[in-house]
Amino acid sequence: MIFTLYNVPFIALGLLATYYLVPYLQSAHKRAIPSPSLAAFTNLWLLLQARQGKRFLSVDEAHNKYGKVVRIAPNHVSIADDNAINVIYGHGNGFLKADFYDAFVSIRRGLFNTRNRAEHSRKRKIVSHTFSAKSIGQFEQYIHANLEIFVEQWSKLSKLEANPKTGYASIDALNWFNYLAFDIIGDLAFGAPFGMLKNGKDIAEMRKSPDEPPKYVAAVEVLNRRGEVSATLGCLPALKPWAKYIPDRFFTEGLAAVENLAGIAIARVNERVKPEVVAQNTRVDLLAHLMEGRDETGEKLGLEELTAEALTQLIAGSDTTSNTSCAILYWCIRTPGVVEKLRKVLDDAIPKDVEVPSFAMVKDIAYLQWVISETMRIHSTSAMGLARQIPEGSPPVEISGHTFYPGDILSVPSYTVHRSKEIWGSDAEEFVPERWENLSVRQKAAFIPFSHGPRACVGRNVAEMELLVIVATVFGLFEFQIEQEEEMQTREGFLRKPLGLQVGLRRRVRV
Ligand code: HEM
C-alpha cells in the first residue's frame, strides 16, 4: 500500500482496532464473563468512570446487574466474592500489582507503586521496621501535639463564630480534618507539621529541586488532583506520556500536581538530611526511622529513594485518615443514638480534666472501635478493587467458577463486598456499630479497609491509633449539628473522598 495523507485515518483505525481486538481475541477464557457496555473491548469504559469520579459506584452497579464476576476492562475481571480475597491478595499465589500503579510513579517507584516482588520485599523490610511497636509508641507525641492545636482552633471557632441564635459555629469539618491529618503526617514523615492547623489554611512549602527557592502550594488540593488523574490514567497507563496533550484541564492540572507533590517531599527531606541537622537531631519520627533503616545487605536508602519513601508516607497517610475521620463524624451524627452512646463510654474512660486523651486511655473502648470499623465498612475510603496481575509462569487459578491465566488482571471491589447483603445481612446499607459485637468469621475476613496480604497497609497501626484518639477527642469535647440538607457527597480518585461536611460546632459542657 502506498502511504498517503488520505489513508492516515484508515491506518489509525486499523491500529486502534488491533490495539483493542488483539487482547480481546487472546482472552477467549474471559469472553463468557458479562461486562457493562463496551468494557470487554476497551479500557475506555473504566477510564471514563474514573474520570467522572465514580468508578466504585459503576462497578458496584455492574455487579448488581451481572453478578459476582464482571469484566470491567478487556483484561481486568472484577470479582465481588469474599472467597476471592485471599486467592488474589494473599501470600500464596504471589499476584503482582498491575500496570494501573505505573500511573502513580513520581520521583521514582516507592513502596506503594513498586510492582516487582523482590524490590517490594526489600523496601517493605526497611519500611516495616519504621512501623514497629516501639516506633509507633514514639509517634504518639506528634499526633498528640497536633491534636492539641486542633482543639485550640475548634474551641476558638466555636466561641468567636457562634451564631447567637443556635449557639453553633458553622464549619466545613472536612477542611479541618485535612489540616489535622496533613500536619500529623508532615510532623511524622518530614520532621515538622506544615502549619495548616495554625494557619487554618491548606498550604505547604515546595521546591522543584533542592537548590531552588521555595514556593507555596495547596497540598490537600494537589494531593486530590494527583489521586484523581493517576487513578484515571491507571486505567490506560499507555496514555500517561500523551496525557499533557489532552484538551482537558483535569489532566494538565493533575500532572502539574504530581510534580508539585514531589516538590513538597524534596524541600522537606533535603532540609532534614543536612549534616548539621542530622548531628543535632533528637526527633524519633517516621523520617528518622526511615533514615536509619537498612536492607539485608546493610545498605541505607539513598537520598532519592529516601525522598520517594517519605513522599509515599505523605500520600498514603494523609487523606486516607482525614477522609475516614470526616466520614466517621458524618455517620455518627446522622444516626440517632450513636453520639450519646459514644459520649457515655468516653466519659467513663477519660478523666474530666483531659482534653486530648492518650492512646492508652481509649484503645480498649469497644464502642469507639465499633463506630470506626462500621464507618470503614459502610463508607469504604479505599472503595475500588485494587488491581492484581497473575504472574508469568504461574499455573492457572480457579476463582468463583472461572479459570484465569498468567497476565489476567483481577480485583475484589471493597465497596461492593463491604455492602454485600449476603455477607452483612439485610441491614448492610445501614450504619449499625453493634454488629461488631458478634462478628462472624466470614464477616471478619470480608472486611478489607486496609487490603489484605503482602501489599496491605503498612501504616495500619498508626492509622488506627490516630483514628482512636481523633474520634475520642472530637466527640469528648464538641457537639455537632448537621447543616447540610443532602447526604455527604463523595468523589473517587484513588480513594473515596467526601466533598465537604457542613456542620454546626460548639464546645460541650461535660457534667
Ligand atoms: C484510615 C487510614 C488508612 C487507610 C484506609 C489505608 C488503606 C490502605 C490500603 C487499602 C492499602 C493498599 C493499597 C493498594 O494495594 O493499592 C494501603 C497501603 C499502604 N498504606 Fe495505608 N491506609 C491508611 C493509613 C495509612 C497511614 C497512616 C500510612 C503511613 C503513615 C499508610 C501507609 C501505607 C503504605 C506505605 C502502603 C503501601 C504498602 C505496600 O504496598 O507495601 N497508610 N493503605
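At-a-glance table
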item: Too-long pairs where the Cα-Cα distance tops 18 Å, listed order kept, from LYS363/LYS497; LYS97/LYS123; LYS156/LYS497; LYS30/LYS68; LYS156/LYS201; LYS156/LYS344; result: LYS363/LYS497; LYS156/LYS497; LYS156/LYS344
item: Fraction in percent of alpha-carbon pairs per bin - 10 Å, the chain; result: 4, 18, 28, 26, 17, 6, 2, 0, 0
item: Cα-based helix-to-principal-axis angle, 8-26 vs the chain, degrees rounded to 10; result: 80
item: Per-residue ³J(HN,Hα) for region 397-412, Karplus 6.51 cos²θ - 1.76 cosθ + 1.60, θ = phi - 60°, Hz, x for Gly and Pro; result: 10, 8, 9, 6, x, 10, 10, 10, 10, x, x, 5, 10, 10, 7, 10
item: Probe 1.4 Å, accessible area per residue of the chain, Å²; result: 44
item: Protein accessible area in the chain, 1.4 Å probe - carbon and sulfur %; result: 56
item: Region 330-414: C-alpha pair distances exceeding 22 Å, %; result: 54
item: CYS326 accessible area, assembled protein chains, probe 1.4 Å, Å²; result: 0
item: Test item: Cα-centred dipole of the chain, Lys/Arg +1 and Asp/Glu -1 on Cβ, debye; result: 620
item: In region 292-382, the trypsin sites (Lys or Arg not before Pro) that fall in loop regions by DSSP, at most 15 other Cβ within 10 Å; result: LYS352
item: Antiparallel content of DSSP bridges confined to the chain, in %, to 5; result: 90
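The values are calculated or read from the model by the stated rules, or taken from the named source; none is laboratory data. Quick caveat, the model's predicted, so the values are computed rather than measured. All Cβ positions, glycine included, derive from the backbone under ideal geometry; neighbour counts span all protein chains shown. These area figures cover heavy atoms from the full protein model, side chains too; ligands, DNA and RNA do not enter into them. Shrake-Rupley method; radii C 1.70, N 1.55, O 1.52, S 1.80 Å.
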